[in-house]
1. Can you divide the C-alpha Rg of the stretch 62-150 by 2.2 N^0.38 Å and report the result to two decimal places?
2. So how do 148-158, 16-26 stack up, highest first, on mean other-Cβ count within 10 Å?
3. Relative to the Cα centre, what is the charge dipole magnitude of the chain, using +1 at the beta carbon of each Lys and Arg, -1 at the beta carbon of each Asp and Glu, and rounding to the nearest 20 debye?
4. Please go through the residue pairs K80/K136; K70/K123; K105/K146 and name each one whose alpha carbons sit more than 22 Å apart in this structure.
5. What length, rounded to one decimal in nm, is gained on full extension from V78 through to Q156, with 0.36 nm per residue of separation minus their alpha-carbon distance?
6. Kindly rank 41-49, 112-120, 6-14 from highest to lowest mean number of other beta carbons found within 10 Å of each residue.
7. With +1 on the Cβ of every Lys and Arg and -1 on the Cβ of every Asp and Glu, and nothing else charged, how large is the dipole of the stretch 15-88 about its Cα centre, in debye rounded to the nearest 20?
8. Per-residue ellipticity at 222 nm for the chain, helices alone: DSSP H runs ≥ 4 residues times -39500 (n - 2.57), over residue total, nearest 500 deg cm²/dmol?
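The values are calculated or read from the model by the stated rules, or taken from the named source; none is laboratory data. Since the model is a prediction, treat every value here as computed from it, not as a measurement. Please note: Cβ atoms are built from the backbone with ideal geometry, for glycine as well, and neighbour counts cover all protein chains shown. These accessible areas exclude ligands, DNA and RNA; they are computed on the full protein's heavy atoms, side chains included. Shrake-Rupley method; radii C 1.70, N 1.55, O 1.52, S 1.80 Å.
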Amino acid sequence: MASTNSWTLKIESPVAADRLFRAAVLDWHTLAPKLAPHIVASAHPVEGEGSIGSIRQFNFTSAMPFSVMKEKLEFLDVEKCECKSTLIEGGGIGTAIETATSHIKVEATASGGSVVKVESTYKLLPGMEVKDEITKAKDSVTNIFKGAEAYLIANQDAYN
């Protein structure tokens, strides 16, 4: 029987927590194809308007080992810049992973910037092993937030 595993990640940013959360989490389906077209071919809401229960889909280029990923928003507190989502299709679900969830919280820092805290929990299918996937996943999440950060620094009026 496969056990549940997890990994955590912290990312510091000079961008305010609420702006970074809105850009890199809530609106990433809009920004990703613009900021990372070499990775994200397209993205769109499938169901809902961004509230709990909403589903969005990301379609990837050949740069990724899978072509599609759908995630469902399970928890959202916009004021606290916190959410939890579950991977429901693609991204290894059914081929290597039984379940996967991500909990993201973006907290304000005294300097006016923020720190992103990510906890990803997953259960592998029987017989599957984790090799360098965790490092790749952490790099991917870091690139999402750093891409949004660069966009927000270059576009000071965005997501205010």
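1. Rg over 2.2 N^0.38 Å, computed on Cα atoms: 1.20.
2. Taking the mean over residues of other Cβ atoms within 10 Å, the ranking is 16-26, 148-158.
3. 200 debye
4. K80/K136, as the Cα separations exceed 22 Å there.
5. 26.0 nm
6. 112-120, 6-14, 41-49
7. Computed about the Cα centre, the dipole is about 240 debye.
8. The helix-only estimate for the chain comes to -6500 deg cm²/dmol at 222 nm.
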